[in-house]
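Enquirer: Encoded as structure tokens, here's the structure I'll be asking about.
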Amino acid sequence: IDGDKGELLYRGYPIEQLATQCDFLDTCYLLLYGDLPNAQQQKEFDRLVTVHTMVNEQMQFFLRGFRRDAHPMAILTGLVGGMSAFYHDSTDVHNPKHREIAAIRLIAKMPTLVAMAYKYTIGQPYIYPKNDLSYSANFMRMMFGTPCEEYEPNDVLVRALDRIFILHADHEQNASTSTVRLCGSSGTNPFAAIAAGVACL
């Protein structure tokens, strides 16, 4: 970030280029691996994230322990921290493969967990993810759909939300990023470190 110049670069790419020519998952790939994906990598990465969007069914029972009027970020802190109990096969921060699959799981499951927390506070049933929708469209459906009728995501709003996700994907060494790095340096599992970042945020 160079505020004086009005520049925001992700791995050397201007934010305007990413916002107009890429989607959020392309941006995630860029931040994880250092460059934008080619067509095959994009297809494989999108599919990998998509198949991890569901969460363990017992997460909903964990969710029921919270008060209905609890703050959504407080609920999300608990849910993200609890992921280490459900996905303990990817908690070794010293193992590169574990770090990678934990990152994929967090990217994939975060919209599902956020939507579950929201639905819980308003007393509506949870909506499961659909694999034929884009990342942002899926999130909107899980947030605002109900079992009563099929939810049709608005393409303009989906694109706007996707751009918002891109704009918030990387803000250098801010408070929550610093918190995650500090926790991670202690050797704690990735889910606990991200939960600390959520709490800080």
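The values are calculated or read from the model by the stated rules, or taken from the named source; none is laboratory data. Just so we're clear, the structure is a prediction, and the values are computed from it rather than from any experiment. Using ideal geometry, Cβ is built from the backbone for each residue, glycine included, and neighbour counts are taken over all protein chains shown. For the accessible areas, the whole protein counts, side chains as well, though only heavy atoms, and no ligand, DNA or RNA atoms are used. Shrake-Rupley method; radii C 1.70, N 1.55, O 1.52, S 1.80 Å.
Enquirer: Please label the shape of the range 46-109 as rounded, prolate or oblate, based on the square roots a ≥ b ≥ c of the eigenvalues of the alpha-carbon gyration tensor (a/c under 1.5 means rounded; beyond that, a/b larger than b/c means prolate, else oblate).
Expert: Prolate, because a/c is 1.5 or more and a/b exceeds b/c.
Enquirer: Accessible area per residue for the range 1-107 in Å², computed with a 1.4 Å probe and the full protein assembly in place, what is it?
Expert: 57 Å²
Enquirer: Oh, and also: If I compute solvent accessible area with a 1.4 Å probe over the protein chains, what percent of it on the range 1-80 is carbon and sulfur?
Expert: The value for the range 1-80 is 52 percent carbon and sulfur by accessible area.
Enquirer: With contacts defined as alpha carbon pairs under 8 Å and 6 or more residues apart, what's the relative contact order of the chain in percent?
Expert: The normalised contact order for the chain reaches 25 percent.
Enquirer: Report the charge-dipole magnitude of the chain in Debye, nearest 20, computed about the Cα centre from +1 at each Lys and Arg Cβ and -1 at each Asp and Glu Cβ.
Expert: So the magnitude is around 680 debye.
Enquirer: Given LEU30, ALA103, THR91, which one lies farthest toward the positive end of the charge dipole of the range 1-105, if we put +1 on the Cβ of every Lys and Arg and -1 on the Cβ of every Asp and Glu?
Expert: Comparing the listed Cα positions along the dipole, THR91 ranks first.
Enquirer: Around TYR33, what is the net charge, scoring Lys/Arg as +1 and Asp/Glu as -1 over all other residues with Cβ under 13 Å from its Cβ?
Expert: Local net charge: -2.
Enquirer: May I pose another question? So if the hydrodynamic radius of the range 1-43 is defined as the Kirkwood radius over C-alpha pairs, what does Stokes-Einstein give as its diffusion coefficient at 25 °C and 0.890 mPa s, in µm² per second?
Expert: 226 µm²/s
Enquirer: Summing +1 for each Lys or Arg and -1 for each Asp or Glu, what net charge is found among the other residues whose Cβ lies under 12 Å from the Cβ of PRO14?
Expert: Charge balance near PRO14 sits at -1.
Enquirer: On the accessible surface of the range 102-166, probed at 1.4 Å, how many percent belong to carbon and sulfur atoms?
Expert: Roughly 60 percent of what the probe reaches on the range 102-166 is carbon or sulfur.
Enquirer: Rounded, prolate or oblate for the range 77-201? Axes are the square roots of the Cα gyration tensor eigenvalues, ordered a ≥ b ≥ c, and the cut-off for rounded is a/c under 1.5.
Expert: It comes out prolate by the Cα gyration axes.
Enquirer: Also: So how many Lys-Lys pairs in the chain land under 24 Å Cα to Cα, not counting same-chain pairs under 8 apart?
Expert: Lysine pairs meeting the criterion: 7.
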